[in-house]
Amino acid sequence: MDITRKIRIGDLLVKNQIITEEQLQAALADQKKTGRQLGRTLISLNFIKETALLNFLSQQLNIPFLDISQYPRKPDTIKLLSESLARRFRVLLLEDNEFDVLLAMADPTDLMGLDELTRILKKTIHPVVVRESDLLMVIDQSYHRTDEIDNLAEQLRSDMSDDDNIDLNLLLTTADAVDAPVVKLLKSVFEDAVKMRVSDIHIEPQESKLFIRFRVDGLLYLLTEADLKIATALVLRLKLMSGLDISEKRLPMDGRFQIKVRHQSVDIRISTMPTIYGESVAMRLLIQNAQEFTLENLGMPDEMLVRFRKLLHRPDGMILVTGPTGSGKTTTLYAALSEINSAANKIITVEDPVEYRLPGLNQVQVNDKINLDFARVLRSALRQDPDIILVGEMRDNETAQIGLRAAMTGHLVLSTLHTKDTVSSPIRLIDMGVPRFMVAMSLLAVIAQRLVRLVCAGCVQPAIPEPFQQTWLKLELGDSLDRYSFVRGRGCTQCNGTGYQGRVGIYELLELNTELTDAINDQDTNVFIKMGRQNMIGKNLRSSAVAMVVSQRTTVAEAMRISNQFEE
């Protein structure tokens, strides 16, 4: 069928007995009320499935049907067409050649749209029909609302005076004005962040630009570059939302606030820091009820999970979870608390800050401004007759000693420590000034962990490791390397073109037996280190990373990247 002729979808569907005349008339009546296209109306009324309609149009119009979620994306090509046009006409530019383009369309019967796009692109258009839901998802992921954010940033800049001074009275009086440019800009940034599963937002003033960056699955991506002049307005607005002192620009500050995005409550932890070009802001996004805290969701191997559960039901002693910032320690601790949370146990947590709320727990947030630090809260918590105590971090000698004494006197204590692996943790406590006997008597076990990116299930494909990757794998697999096959992600709509989607933990668990306890008491720390590493052979973090690779859950490149954090 010639696409240049007007298409009457309804008549064609009735003629081919795909819908009835009665269904067509009902859809036309509904269309008059809603103003939606007939195809969308038929789908919403369940008269036809979207895939069936698109396949029918593909055959009738002789236009290929394409699964856009699997099609390799070219960001530079996509952005040859502005975001506003892509959303207006429900299209996406897939290929761009000298004389023609390949255009994904949700509605190939939109002849007016085709004419307008032909005039704009000045090239021959070869359309392909795609599912609208997939198309909109790709548009969201490809443009990241960049046009909207850039436009709002420019509007905010133009509203400011040339001398860069901000009228604080105006900012305060418009604190609740949803139409203020600074509010609109931040709203768009937060909505984009939640949609992309962002864990952190960074607002960073540079010499001539303001960078806004997102951290997704552990890696940073540049969202946009804006005029440096708007930095002060953004920081002031965020300080207002956090209840921070807007007049203080010389000192770092920490705060928090809560927003609702896409019907989800999001806790925002904010940290400001003065730099030579202005105040830098880092925000951690904590989506409430975004996950269920269970041990099964952690991704621990079954054998380790059994051991961990057994440890959690011990009446006393200390269990440490260790790893760098952003390695999932808090998630592991909350999953552990969910496992042992019951009416029979009184649980007190001492945190900075309280990241998630769990019913049945007594959660306390430290506040250094009023000298309510970890040690002081922990001493008070012990007078509350707890069975289980969670200490957010063993960050100083006093806190560590109080926690270890509590573990010696009939309490189960859970906490975190910043060390690279399990074997380093007891030595770190001793370096902090904790007596060796106290560590030896109180410490039950240490878990070290990292978060590894998973290969995207939507674009996974076989891969052959590079020679240097094979050399690295042989350190763990030896001659059995040839028995395994490997994968990588090509990059698709679902994973935002990265080849990865989601993360899961890898772990090592060191339980302190009699021999290791005796080694801690030895004045030569090398005795414990040597014995501990011997105990962890085949069960350490690198072994866990390689196990993820051979089970085809992640790539060799990702396992090597994450392993560099704890290689000798």
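The values are calculated or read from the model by the stated rules, or taken from the named source; none is laboratory data. Computed from a predicted model, the values in this text were never measured in an experiment. Note: ideal-geometry Cβ built from the backbone for every residue, glycine included; neighbour counts use all protein chains shown. Heavy atoms of the whole protein, side chains included, go into the accessibility calculation; ligands, DNA and RNA do not. Shrake-Rupley method; radii C 1.70, N 1.55, O 1.52, S 1.80 Å.
Things worth noting here:
- Cross-link check: pairs Lys79/Lys239; Lys33/Lys184; Lys249/Lys420; Lys310/Lys539 evaluated at a Cα-Cα cut-off of 24 Å; pairs beyond the cut-off: Lys79/Lys239; Lys33/Lys184; Lys249/Lys420.
- Subtracting the Cα-Cα distance of Asp431 and Asp396 from 0.36 nm times their residue separation leaves 11.6 nm of extension gain.
- Coil-residue GluC sites (Glu not before Pro) of the range 252-331, DSSP, other Cβ within 10 Å capped at 16: Glu292
- Loop-located chymotrypsin sites (Phe, Trp or Tyr not before Pro) in the range 466-560 (DSSP state other than H, G, I, E, B) with a sparse environment of at most 14 neighbouring Cβ atoms within 10 Å: Tyr484.
- Beta bridges assigned by DSSP with both partners in the chain are antiparallel in approximately 65 percent of cases.
- Those residues of the range 405-428 whose amide nitrogen sits under 20 Å from the label point placed on Asp522, 7 Å along Cα→Cβ: 421-428
- Of the residues Tyr277, Ile319, Ala344, the one whose Cα sits farthest toward the positive end of the charge dipole of the range 268-357, with +1 on the Cβ of Lys and Arg and -1 on the Cβ of Asp and Glu, is Ala344.
- Surface share of carbon and sulfur [accessible, 1.4 angstrom probe, percent] for the range 348-493: 49 percent
- Calculated FRET value between Asp479 and Gln70, using beta carbons and R₀ = 22 Å, to 0.05: 0.05
- Annotation: for a label point projected 7 angstrom from Cα along Cα→Cβ of Thr20, no residues of the range 50-82 have a backbone N closer than 12 Å.
- For the range 228-339, the carbon plus sulfur part of the accessible surface works out to 51%, probe radius 1.4 Å.
- On Cα atoms only, tilt of 467-477 relative to the major axis of the chain in degrees: 40 degrees
- Signed unit charges on C-beta, dipole axis of the range 15-141, positive-most listed residue Leu53, Ala29, Pro108: Ala29
- Local electrostatic count, Leu45, Cβ distance below 11 Å [Lys/Arg +1, Asp/Glu -1]: +1
- Local electrostatic count, Glu511, Cβ distance below 14 Å [Lys/Arg +1, Asp/Glu -1]: +2
- Between helix 541-550 and the chain: long-axis angle, C-alpha atoms, 0 to 90°, nearest 10: 30 degrees
- Seen against the Cα atoms of the chain and their longest principal axis, helix 21-34 is set at about 70 degrees.
- Near Leu311: Cβ cut-off under 11 Å, other residues only, Lys/Arg at +1 and Asp/Glu at -1. The net charge is +2.
- Between Asp100 and Leu219, the FRET efficiency from the beta-carbon distance, with R0 = 35 Å, is close to 0.50.
- Rolling a 1.4 Å probe over the heavy atoms of the protein chains gives the chain an accessible area of 48 Å² per residue.
- Take each peptide in 232-238, 429-435, count the other Cβ atoms within 10 Å of every residue, and average; sorted highest first, the result is 232-238, 429-435.
- What you get for the chain, charging only the Cβ of Lys and Arg (+1) and of Asp and Glu (-1), is a dipole of about 880 debye around the Cα centre.
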